[in-house]
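See structure below.
What follows draws every value from the coordinates through simple rules; no lab data is involved. Please read all numbers here as calculations on a predicted model, not as lab measurements. Here the Cβ positions follow ideal geometry from the backbone for every residue, glycine too, while neighbour counts run over all protein chains shown.
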Amino acid sequence: MTFPYSKEVLEHFRNPHNVGKMDDPDGKGLEGSAACGDMVAVYLKVNPDTLIIEDISFESYGCASNIATASIITELAKGKTLEDAKKITWKEAAEALGGLPPVKAHCSVLAVEGLRSAIRDYEEKHGMVVEDEPTDE
Ligand code: FES
Ligand code: FES
């Protein structure tokens with residue numbers, strides 16, 4: 001049996017970036033999986049003038065794929081506007097991680113949903129029009 005995880009996944013799993021709870025976030029999202037009962041939380045600090053994500057962190061109670069994906073999406077989202085961060089897909093995250101085992105796709109989708117739900121939370125709190133979420137193919 002070959003080991004399913006890429007070098008990048010293992011690196012992000014062992015040394016996740018932007019991990020931890022944020023005090024007083026501008027937006028936060030919590031998503032859970034019905035499949036395994038695991039959860040991921042994403043926290044945002046947003047510049048109210050530019051709508052750029054200035055800081056982001058996450059907490060994961062999930063598996064290696066979930067932790068590695070949450071780590072990489074925080075890297076991808078930091079410095080982006082909310083609009084651009086919404087467009088980050090799990091495919092993009094999986095590619096940045098050098099691939100994920102297909103059996104674990106939902107675990108990485110869960111991390112992306114956590115980011116989108118934190119963005120939605122910010123938008124709702126600030127009375128912004130909430131558009132339909134982009135869908136993953
Ligand atoms: Fe639960 Fe992956 S097995 S998040
Ligand atoms: Fe729980 Fe993958 S098994 S999200």
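When both bridge partners sit in the range 18-125, DSSP labels roughly 95% of those beta bridges antiparallel. Close Lys pairs in the chain (alpha-carbon distance under 17 Å; sequence gap of 8 or more, or different chains): 16. Taking amide H positions as modeled 1.01 Å from N, with prolines and chain starts lacking one, the residues under 5 Å from Val19 and 5 or more places away or on another chain are Phe58. Each Lys or Arg adds one and each Asp or Glu takes one away; over the other residues whose Cβ falls under 10 Å from the Cβ of Ala85, this sums to +3.
The 3J(HN,Hα) values that the Karplus relation (6.51, -1.76, 1.60; θ = phi - 60°) gives for the range 57-74 are, in residue order, 8, 9, 10, 10, 10, x, 8, 4, 5, 5, 5, 5, 5, 4, 4, 6, 5, 5 Hz. Gly and Pro appear as x.
Just to be sure I understand: if I project the alpha-carbon convex hull of the chain onto a plane and average over all orientations, what area do I get in nm²?
The directionally averaged projection comes out at 8.2 nm².
In sequence order, the range 41-46 has phi-based couplings of 10, 10, 10, 10, 10, 10 Hz under the Karplus curve 6.51 cos²θ - 1.76 cosθ + 1.60, θ = phi - 60°, and Gly or Pro positions carry x. With both labels modelled 7 Å from their Cα along Cα-to-Cβ, the Cys36 to Val19 distance reads 1.5 nm.
Mean residue ellipticity, 222 nm, helices only, the chain: the sum of -39500 (n - 2.57) across DSSP H runs of n ≥ 4, divided by residue count and rounded to 500, is -12000 deg cm²/dmol.
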